[in-house]
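Here's the structure, in structure tokens; my notes come after.
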Amino acid sequence: MSVEVVEADEKPRRRLFFLSAVVIGIVLVLVGQLFRWQIVEHERFQAMAAAEHQRARILVPQRGTIVDRNGRPLAMNVITYDVSAAPNLISDPYLAADRLWPLLGRPRDELINLLTQDVPYVLLARGVPMVVGETIMGWGFSGITVEPSPHRFYPEGSLAAHALGFVNAAGQGFYGVEGFYNDLLEGEEGVLHGERDPWGEIIPIGESQWQPPREGRSLVLTLDRTIQFMVEQELAAAVERYQAQSGTIIVMDPNTGAILATASYPTYNPNTFYEVEDEHLFTDPASGDHYEPGSVFKIITLAAGLDTGIITPDTPFFDSGSIEVGGRVIQNWDRRGHGNVTMTDVLVLSLNTGAAHVSTSLGAERFYAYVRRFGFGLKTEVELAGEVPGTVRVPGDPNWHESDLGTNAFGQGLAVTPLQMIAAVSAVANHGLLPRPYMVAQIIDQERVIATRPYLRQAISPQTAEELTEMMVAVVERGARLAAVPGYRIAGKTGTSQMPIPGGYDPNSTIASFVGFAPADDPQFIVLVKIVKPTTSPWGAEVAAPVFKRIAEQLFLMMGVPPDNLRQQAMAE
Amino acid sequence: MAGSQELPAHCQKTSKRRVETRTVVIAGLMLAMFSLVGWLYLTQTSQLTVTGYRIQELQQRKALLQEENAQLEAEIAEMESASRLMARARAMGFQPPQRVTYVPVPNYPVRAEAASVARDQRAAPADYGAEASSALARWWAGLVAQFDAWLQAPP
């Protein structure tokens with residue numbers, strides 16, 4: 001009897017125990033889940049919850065503008081619209097095409113073809129003007145989407161394209177100042193965090209955090225739009241006139257290094273950079289491409305000779321027509337000997353033998369020290385993306401040869417950029433002070449203006465610069481007469497260099513160049529002209545010098561520089 | 001119980017009523033006050049929300065106007081571009097000067113200025129850029145003024 005009672009009591013107790021275990025198990029699971037939600041994955045769930053009623057809006061900064069030295073806009077921002085369509089949502093594609101084609105400038109049939117495709121998305125037009133975008137938006141066509149997008153706009157078209165560079169669809173600047181100063185120009189994004197309403201808009205009185213964007217800094221360039229335009233016109237005309245392949249012209253203030261104009265041809269329109277097929281066209285030939293300067297480099301050789309005192313302008317030299325340096329025979333451009341000449345004659349007649357004589361008299365160490373002192377083989381540090389340092393082989397380099405000392409003296413066997421060359425000759429115009437070329441005059445950061453201070457360093461003595469200037473004046477007066485402008489004393493030097501090809505030099509191609517400054521006694525500008533592969537004449541004196549003259553004539557007018565006699569008379573009074 | 005002063009029954013009734021009336025009045029006042037505060041709060045909040053949305057709307061309008069302004073500035077800049085001006089000038093018969101003659105004018109005031117500019121340039125060559133710029137600006141302004149005068153001249 002008693003055994004039965006015990007059995008009857010055990011059953012409910014076991015059930016109770018089982019039930020308790022189940023409940024405890026469930027509670028443990030729940031506690032575990034709670035622990036996971038509240039402690040382990042607290043942040044994830046908090047973020048998910050916040051996302052339900054919070055919104056973060058990225059505040060995009062305005063890209064800084066770029067203006068020329070007179071405040072004329074060269075790069076600015078506009079809103080354009082991208083028009084796209086979802087063909088499967090368009091009920092009447094023919095009607096849509098009828099309305100769209102006159103505004104988008106695309107053939108009607110082409111639009112019908114796009115709108116009848118069985119795809120969810122087609123791009124109809126990119127970068128249409130604001131008025132067109134707003135008109136299409138106003139129609140309220142179902143299936144047609146019009147989206148605004150900020151767009152970089154260059155109101156002068158292709159003007160100064162190589163100096164400016166361009167901005168791609170993602171807002172990244174490439175080449176020129178757009179590339180060099182991309183970080184400064186693009187600014188920094190801001191953000192607005194806040195509670196959102198059912199439509200996704202941030203509630204004005206809700207809790208919010210605002211971090212304003214930092215607007216992009218604006219740039220004031222040293223370029224002068226009027227001079228730039230004139231130079232580009234002259235360059236395009238010269239390339240056509242001499243049936244050349246390409247060309248580059250730089251105008252600079254030799255006293256400061258401020259670049260007033262830099263033009264290269266062929267060029268492109270940065271508004272439609274994506275249409276350019278050859279990417280090499282984006283590289284700025286003035287700073288991103290090098291060439292053998294030819295006889296223009298004799299200025300540097302003679303500057304070194306004068307500065308070290310081994311020659312004077314009147315030092316005699318017997319020109320036999322050839323000279324041997326390092327086992328290589330160097331000849332003059334006309335293959336002739338000119339007999340007894342002076343160092344001034346060496347420059348006027350552009351004698352390779354005379355230049356090689358000076359460099360060998362200097363010795364490799366001193367000659368290359370001067371080449372470096374003038375900045376060759378080093379970047380000028382101009383604010384343009386893609387600058388190259390050029391190539392100068394010096395003793396100790398594996399591929400330097402003793403004969404290089406002779407050929408380098410007249411600008412062969414080394415490569416320089418046009419910007420390096422014009423900066424180096426600026427030192428002659430500027431009492432021996434070598435300027436660092438610069439393109440950006442001011443950086444404007446909201447209310448703060450950071451002005452660029454010109455940087456100059458002594459390359460040669462003022463006396464050397466003065467003597468060399470007179471020798472260069474003799475070049476224009478007795479040699480390169482096509483560069484002369486009546487009423488003005490101009491200092492200059494021509495250059496004709498061959499183009500290196502694998503295994504030697506191309507016998508049929510030359511680079512004709514001229515560099516000159518004026519007025520010689522008080523230089524206001526320096527101009528470098530480089531014409532690649534002219535076919536009407538290979539010589540710098542016949543191709544580049546006349547281009548210099550045309551540009552100088554106009555610069556005198558634009559810069560208000562009267563003829564020497566009037567100016568000197570006015571100064572005297 | 002000689003010391004005790006019990007109020008007569010009708011007096012007790014009046015006092016109780018007075019207490020009840022006061023309670024009702026206080027409660028009423030409190031209710032009115034809470035209602036007023038509530039109404040004020042709701043009005044303020046609703047006003048704030050409306051104003052907030054209005055601000056948002058105005059900001060959007062401002063942004064749109066800024067976009068339109070930028071567009072107009074871009075159009076102006078494009079219309080004033082050097083290539084357009086040159087084409088327009090040529091179409092109107094303008095030509096580059098064939099011959100330039102400088103006429104020295106004795107004691108012309110600009111000369112003193114030019115001489116001082118030249119002196120300054122020598123003293124501080126770094127400042128030349130600004131001077132050249134103003135000379136160019138003057139030249140350009142003069143040219144534009146001549147152009148304007150020509151346009152406004154009777155045929």
| request: Give, in whole angstrom and from largest to smallest, the semi-axes √(5λ) of the equivalent ellipsoid of the protein assembly as shown, with λ running over the eigenvalues of the Cα gyration tensor. | output: 77, 35, 30
| Whose amide H sits under 5 Å from the amide H of A:F525, counting only residues 5 or more places off or on another chain, with H placed in the peptide plane? | A:A518
| remark: Rounded to whole angstrom, the alpha-carbon centroid of region A:358-402 lies from that of region A:520-573 at a distance of 28 Å
| message | Between B:A87 and A:N70, what's the calculated FRET efficiency when r is the beta-carbon distance and R0 is 25 Å? Round to 0.05. | response | 0.75
| said: Taking 0.36 nm per residue of sequence separation and subtracting the Cα-Cα distance, how much length would be gained by fully extending the chain between A:S20 and A:Q569, in nm to one decimal? | reply: 186.0 nm
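Please give the per residue volume of the convex hull enclosing the alpha carbon atoms of region A:225-572, rounded to a whole number of Å³.
On the way: hull volume 53.2 nm³, N = 348.
Given the Cα convex hull of region A:225-572, per-residue volume reads 153 Å³.
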| query | Where a Cα-Cα gap under 12 Å defines reach, which aspartates and glutamates qualify for A:K549, not counting those fewer than 8 residues away within the same chain? | reply | A:E234
| Shielding of B:90-100 by partners, i.e. mean partner chain Cβ atoms within 10 Å per residue? | 1
| Degrees between helix A:2-35 axis and first principal axis of chain A (Cα, 0 to 90, nearest 10) | 20 degrees
| Expressed in nm to one decimal, what extension gain is obtained for the pair A:E324 and A:S142 from 0.36 nm per residue of sequence separation less their Cα-Cα distance? | 57.3 nm
| query | Across all directions of projection, what mean area in square nanometres is found for the Cα convex hull of region A:103-198? | reply | 10.2 nm²
| request: Enter the Cα centre distance for the pair region B:16-86 and region A:7-77, rounded to the nearest angstrom. | output: 33 Å
| said: Apply the a/c threshold of 1.5 to the C-alpha gyration tensor of region A:424-573 and tell me whether it is rounded, prolate or oblate. | reply: oblate
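Highest first, please rank the peptides B:95-103, A:452-460, A:424-432, A:33-41 by the mean number of other Cβ atoms sitting within 10 Å of their residues.
Top of the packing list down: A:424-432, A:452-460, A:33-41, B:95-103.
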| query | Using Cα atoms only, what is the angle between the long axis of helix A:42-53 and the major principal axis of chain A, expressed in degrees (0 to 90) to the nearest 10? | reply | 90 degrees
| query | Between rounded, prolate and oblate, where does region A:23-121 land on the alpha carbon gyration tensor, with a ≥ b ≥ c its root eigenvalues, rounded for a/c under 1.5, else prolate if a/b exceeds b/c? | reply | oblate
| How far is helix A:225-241 tilted off the main Cα axis of chain A, in degrees rounded to 10, range 0 to 90? | 70 degrees
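Using per-residue counts of other Cβ atoms within 10 Å, averaged over each peptide, order A:520-526, A:287-293, B:46-52 from highest down. Please list the in-between numbers first.
Values: A:520-526: 20.4, A:287-293: 23.6, B:46-52: 12.1.
Descending packing order for the listed peptides: A:287-293, A:520-526, B:46-52.
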| note | Total charge of the residues flanking A:Y455 in space, meaning their Cβ is under 10 Å from its Cβ, with Lys and Arg +1 and Asp and Glu -1, is +2
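Placing +1 at every Lys and Arg Cβ and -1 at every Asp and Glu Cβ, with all other atoms neutral, what dipole size does the protein assembly as shown have around its Cα centre, in debye to the nearest 20? Display every interim value, and only then the final one.
Details: 59 positive and 79 negative charges, 293 e Å.
Roughly 1400 debye for the protein assembly as shown.
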| note | Semi-axes of region A:185-249 from the Cα gyration tensor (sqrt of 5 times each eigenvalue, largest first, whole Å) come to 54, 14, 9
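Since every read-out is calculated from the coordinates, none of them should be taken as a lab result. Predicted model, so just to flag it, every value in this text is computed and none were measured. Methodologically, a virtual Cβ is constructed for each residue, glycine included, from the backbone with ideal geometry; neighbour enumeration extends over all protein chains shown.
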